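A short reminder: the numbers here are calculations on the coordinates, not readings from a lab. None of these values were measured; they are calculated from a predicted model. Don't worry about glycine lacking a Cβ; one is built from the backbone with ideal geometry, like all the others, and counts go over all protein chains shown.
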Amino acid sequence: MRPRWADLEVGLGAEVWVDARHTYSAQILGPHCEELCREFARREGGRTFGAIVGEVASGTVSDPDRSSRCRSMSRSSGRIGMKRRGR
């Protein structure tokens, strides 16, 4: 918000938030939601998935054909919310 501080001080808060919506969603809300999902998987994974959860972590998956299927993914890799390994 520092680059837009002057705009905020003169009452242009609504405009600043409209301009910052994508950045706020991607850099604040997205990671927060991902952490909540990981915490849920740690606590409730056994009941929810029917098996003991051994590891919960964030990660990146590659996209070998470089065709993004999700707006938030970069051209060659992307993050996934959750993946289940095992049977």
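Data for the structure
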{"quantity": "Residue match in the range 27-40 (condition: of a type in the set (Lys, Arg) and without any contact (Cβ under 8 Å) to a residue 12 or more places away in the chain)", "calculated": "no"}
{"quantity": "Count of residues meeting criterion [of a type outside the set (A, V, I, L, M, F, W, C) and surrounded by 11 or more Cβ atoms within 10 Å (Cβ to Cβ)] in the range 1-20", "calculated": "5"}
{"quantity": "Residue check for Arg21: among the basic types (Lys, Arg) and free of Cβ contacts under 8 Å to residues at least 12 places away in the same chain", "calculated": "yes"}
